[in-house]
Amino acid sequence: MGAGIIGAACARELAVAGFDVLVLDRAGAAAASTSHGEGNILVSDKGPGPELELAQLSRRLWPETLAAIAGRTSSQELATVEWDPKGGIVVATTAEGAEALLPFAAAQRAAGVRAEPMDSDALTEAEPFLTERRTAAVHYPDDAQVQPAGAATALLADALRAGARLRTGCEVLGAVTRGGRLTAVRTADGPVEADVFVNAAGPWSGDVARRLGVPLDIRPRRGEVLVTTPQPPTVFHKVYDADYVGAVGSGAGDLQTSAVVESTRAGTILLGSSRRRVGFDDRLRPEVLAAIAAKALKLFPSLAGVHAMRAYGGFRPYVPDHLPVIGPDPRLAGLWHATGHEGAGIGLSVGTARLVRELLTGGQTEIDAGPFRVDRPAVLGTDTPGVTEEES
């Protein structure tokens, strides 16, 4: 249930493993959150813990997954993924930022992350247009980027080649249960039966779960991105200020911005990022875009005068404890969840799919899936609508 990057990755992993897979989406493939992101595949913004382990697993799996897809499709189709292992650089511009960044990077190194401190000369060589006002910098060679909609489409296309089916314009309306087990979901076109249902509806996962009678505390958290006109080579890595890590881990609902600057293969430069909780209000706010631009200029003063040709925003599936929700729902047999990745869903998708497949087949998981379990206090809701028992 959901044809964004998480649903596409799960569909591919399960179809390749021999499952009979049907993907449902109320709109179209990669049409919502997935197409409104930057395509980040990051280890740099995650401290030691379960999410970093999932990020490390995913980072290892991404090249393997793309290599497997390449063996079954044309190079032209795979080119839409725009896989770019360009690495990331985190920059502090204040003494306080350096005091936070360097110990954070040291802790990451202890957890197996390649995090390489850079002196001023190395930083200038790597990013010649970066501000001279910097107090510390760390290079993360394993950070990468994809074109998010292209990546999701490639994963889904490979699932279809492996026998999966896709139904778009198919909204999940409710549950059909028997003996405490989910046996079908109701749609406008009639019930859809299955043995296992995976809720991969991103920011709308909470609504889907409520319709199925088991609330899930997944909330939308909005972010915006500015896109410049195509430029000569200006930004060579994913570059962001040290404030970004704090913004990612914060639960504050008011506006937070931090400088995140990176180029695309088309020559445009993406400027982010913002985080705010405004429900599903999708209006672009000029004051948010202005704050993003101002912080980007602090990192790259040379962008002053560059034109922004468009802006876009999207919703991230936010969980109060900042961990994804992956695994079976103990309240309703047959229902599984793969959601709650907030802004990291692109990067974490293939690792999430691997965990889902390993858990479904009862095999040994490559990392501990326990921290992502559904029955966490931060995940379970309290306003539980009843589930009507129906005989199919």
Top-ranked residue of the stretch 61-98 - restricted to ones that are surrounded by 14 or more Cβ atoms within 10 Å (Cβ to Cβ) and charged (D, E, K, R), ranked as farthest from residue 138 (Cα to Cα): 77
Residue list for the stretch 280-302, restricted to those being surrounded by fewer than 19 Cβ atoms within 10 Å (Cβ to Cβ), touching a residue at least 40 places away in the same chain (Cβ under 8 Å) and touching a strand residue (DSSP E or B) at 6+ places or on another chain (Cβ under 7 Å): 280, 282, 284, 298
Out of everything in the stretch 102-118 that is in contact with a strand residue (DSSP E or B) (Cβ under 8 Å, 6 or more places away or on another chain) and either touching a residue at least 60 places away in the same chain (Cβ under 8 Å) or assigned to a loop (DSSP other than H, G, I, E, B) (or both), what residue ends up being surrounded by the most Cβ atoms within 10 Å (Cβ to Cβ)? 115
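Matching residues to (1) of a type in the set (D, E, K, R); (2) touching a residue at least 60 places away in the same chain (Cβ under 8 Å); (3) touching a helix residue (DSSP H, G or I) at 6+ places or on another chain (Cβ under 9 Å):
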{"site": "26", "(1), (2), (3)": "yes, yes, yes"}
{"site": "29", "(1), (2), (3)": "no, yes, yes"}
{"site": "35", "(1), (2), (3)": "no, yes, yes"}
{"site": "39", "(1), (2), (3)": "no, yes, yes"}
{"site": "42", "(1), (2), (3)": "no, yes, yes"}
{"site": "50", "(1), (2), (3)": "no, yes, yes"}
{"site": "57", "(1), (2), (3)": "no, yes, yes"}
{"site": "63", "(1), (2), (3)": "no, no, no"}
Give the residue, chosen from 297, 284, that is at pLDDT 95 or above and closer than 19 Å to residue 38 by Cα. 297
If you go through the stretch 318-333 one residue at a time, do you hit one that is at positive phi, surrounded by fewer than 17 Cβ atoms within 10 Å (Cβ to Cβ) and touching a residue at least 24 places away in the same chain (Cβ under 8 Å)? no
Listed residues 141, 128; which is surrounded by fewer than 21 Cβ atoms within 10 Å (Cβ to Cβ), out of contact with any Pro (no Cβ under 6 Å at 6 or more places or on another chain), of a type outside the set (A, V, I, L, M, F, W, C) and more than 30 Å from residue 65 (Cα to Cα)? 128
Just a yes or no: is a residue in the stretch 219-241 in contact with a Ser or Thr (Cβ under 9 Å, 6 or more places away or on another chain) and among the aromatic types (Phe, Trp, Tyr)? yes
What is the residue count in the stretch 19-51 for residues that are among the small types (Gly, Ala, Ser), at pLDDT 95 or above and outside any loop (DSSP other than H, G, I, E, B)? 0
Across the stretch 335-354, what is the number of residues that are out of contact with any Phe, Trp or Tyr (no Cβ under 6 Å at 6 or more places or on another chain) and under 25 Å from residue 180 (Cβ atoms)? 5
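So which residues in the stretch 3-18 are assigned to a loop (DSSP other than H, G, I, E, B) and either open to solvent by less than 10 Å² (accessible area, probe 1.4 Å) or hydroxyl-bearing (Ser, Thr, Tyr) (or both)?
Correct list: 3 only.
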For the stretch 242-259, check the following and say yes or no: at least one residue is at pLDDT 90 or above, open to solvent by 50 Å² or more (accessible area, probe 1.4 Å) and within 23 Å of residue 346 (Cβ to Cβ). no
Before we move on, is residue 201 at pLDDT 95 or above and open to solvent by less than 10 Å² (accessible area, probe 1.4 Å)? no
Within the stretch 153-186, can you find the residues that are crowded, with 18+ Cβ neighbours inside 10 Å and either among the β-branched types (Val, Ile, Thr) or modelled with pLDDT under 95 (or both)? 153, 172, 176, 177, 183, 185
Go through (1) part of a helix (DSSP H, G or I); (2) farther than 20 Å from residue 207 by Cβ one by one and return the number of the condition residue 305 breaks. (1)
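State all residues of the stretch 52-84 that are in a loop (DSSP other than H, G, I, E, B) and closer than 12 Å to residue 347 by Cα; if no residue qualifies, say none.
83 - this is the single residue of the stretch 52-84 that is in a loop (DSSP other than H, G, I, E, B) and closer than 12 Å to residue 347 by Cα.
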I'd like to check something: does the stretch 219-234 contain any residue that is open to solvent by 10 Å² or more (accessible area, probe 1.4 Å) and over 30 Å from residue 84 (Cα atoms)? yes
Among (1) in a helix (DSSP H, G or I); (2) open to solvent by less than 40 Å² (accessible area, probe 1.4 Å); (3) among the charged types (D, E, K, R), where does residue 357 come up short? (2)
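The values are calculated or read from the model by the stated rules, or taken from the named source; none is laboratory data. Here the structure is a predicted model, which is why all the values come from computation and not from measurement. Counting neighbours? That spans all protein chains shown, and the Cβs are built from the backbone with ideal geometry, glycine included. What goes into the accessible areas is simple: the full protein's heavy atoms, side chains included, and nothing from ligands, DNA or RNA. Shrake-Rupley method; radii C 1.70, N 1.55, O 1.52, S 1.80 Å.
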